[in-house]
Ligand code: AMP
Ligand code: GLY
């Protein structure tokens with residue numbers, strides 16, 4: 001089976017690494033990929049929003065299935081483009097159509113979906129310039145902290161959590177009237193603050209059936225102790241100790257089942273990943289957000305824990321036989337630590353030579369922002385490399401990841417040496 005994987009991050013390297021281990025794999029193409037994916041298959045220089053160029057590659061290289069890593073091509077309608085094209089419609093795309101992808105593209109759409117299908121989530125209302133005053137009144141009915149969310153995609157920056165009512169009023173005004181997050185904040189969702197600890201649950205569905213993949217917790221802030229600016233993610237662990245069997249059963253019954261049923265009832269024709277951001281409030285799940293893709297760096301701990309064949313999993317998803325697939329999970333603990341360019345998530349330099357990757361023996365090195373240049377591997381992004389390790393305990397896995405993180409060098413390298421700090425002494429269920 002020939003596969004085209006779209007994307008270029010650590011998530012895509014982890015997917016490519018796992019697919020490359022399958023004897024069901026023919027050729028693997030990654031577009032545009034990075035220096036790590038180039039070792040698992042063939043990188044193709046391609047703009048992943050250029051569907052005509054993707055069509056050309058798919059047909060000329062006899063691609064049998066397309067796996068979409070990031071959300072942008074999904075929100076832009078790549079799955080609809082394939083379904084509407086006579087030459088492409090028999091080639092499955094793992095990733096939802098535009099309507100389903102709106103779950104990630106619009107917070108209001110996602111909240112309406114959750115309420116319609118009885119998926120537990122915080123109560124909310126949405127506002128725009130026609131009812132801004134109602135927004136101020138709604139804020140007064142809530143207890144601090146106040147949660148304000150730009151409705152549209154805002155590069156992960158569109159959520160504000162504010163302790164003070166005055167500040168919340170002023171930010172609401174600025175989001176709507178001053179376009180603080182551009183068009184994305186023309187519409188703002190205000191919601192109740194959810195208490196608890198956050199985790200992410202990943203599901204793959206073929207539209208009828210589903211498989212729940214290992215859950216994970218990521219560390220989003222740049223600074224140790226969860227401080228400073230938000231990033232794409234600085235590290236992750238899986239499994240999550242506080243997601244015990246009871247809690248995961250509630251997640252399946254109260255969240256996963258109504259979500260997949262909701263996709264069917266609403267005619268989403270959803271084939272692909274669902275990434276459910278959840279709050280565990282005293283053992284009860286409440287949905288914070290849906291994403292329509294895998295998380296990054298969560299994929300770098302979730303995928304290595306899948307023991308069964310990933311190409312077969314995607315094939316089963318593509319042809320609607322997921323119910324027959326037996327998902328096998330490794331019960332060891334996986335941790336990943338992200339090495340980033342100094343300055344990230346603000347301005348940073350690229351093109352720094354990376355050394356030491358070949359000296360890593362205890363971890364799997366997943367490339368994110370890297371590329372080949374004159375025979376060297378150099379940095380080409382903010383998040384550069386994710387170092388994933390296994391252990392019987394979280395401590396053991398983290399120890400290996402931190403040691404390997406020290407082994408790899410590039411100018412201004414930074415990583416958080418406290419990933420898992422809040423969980424490491426908790427009992428694990430695995
Ligand atoms: P989102 O983009 O919706 O995932 O929000 C970004 C982050 O803000 C989440 O990962 C949570 O940490 C936090 N957050 C969002 N909504 C809420 C909420 N209702 N209560 C508490 N924290 C929230
Ligand atoms: N790590 C969070 C995300 O991928 O959105």
| request: For the range 29-99, take the alpha-carbon Rg, divide it by the Kirkwood Rh, and send me Rg/Rh. | output: 0.95
| field | Residue order, fewest to most beta carbons within 10 Å, for 163, 244 | value | 163, 244
| note | With 0.36 nm assigned to each residue of separation and the Cα-Cα distance removed, residue 421 to residue 87 gains 115.1 nm
| said: Please compute the contact order of the chain in relative form: average sequence separation of alpha-carbon pairs under 8 Å and at least six residues apart, divided by the residue count, as a percent. | reply: 17 percent
| Percent relative contact order of the range 340-430, based on C-alpha pairs within less than 8 angstrom and at least six residues apart? | 33 percent
| message | Within a 10 angstrom radius of the beta carbon, how do 138, 366, 415, 263 rank from fewest other beta carbons to most? | response | 138, 415, 263, 366
| Separation of the range 111-186 and the range 22-51 by C-alpha centroid, Å? | 39 Å
| remark: Final fewest-first order of 19, 338, 248 on the 10 Å Cβ neighbour count is 248, 19, 338
| said: Once each part is reduced to its C-alpha centroid, what is the distance from the range 203-224 to the range 277-294 in angstrom? | reply: 10 Å
| remark: Cα-based Rg/(2.2 N^0.38 Å) for the chain, rounded to two decimals, is 0.96
| Taking the chain as a Gaussian network, Cα atoms linked when under 10 Å apart, which of 278, 327, 213 shows the biggest mean-square fluctuation? | 327
| remark: So, relative contact order of the range 114-211 in percent, Cα under 8 Å, 6 or more apart, is 33 percent
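Every read-out reported here was derived from the displayed coordinates using simple, explicitly stated rules and does not represent laboratory data. None of the values given here were measured: they were computed from a predicted structure. In this analysis, Cβ positions are derived from the backbone assuming ideal geometry, glycine residues included, and neighbour counts consider all displayed protein chains.
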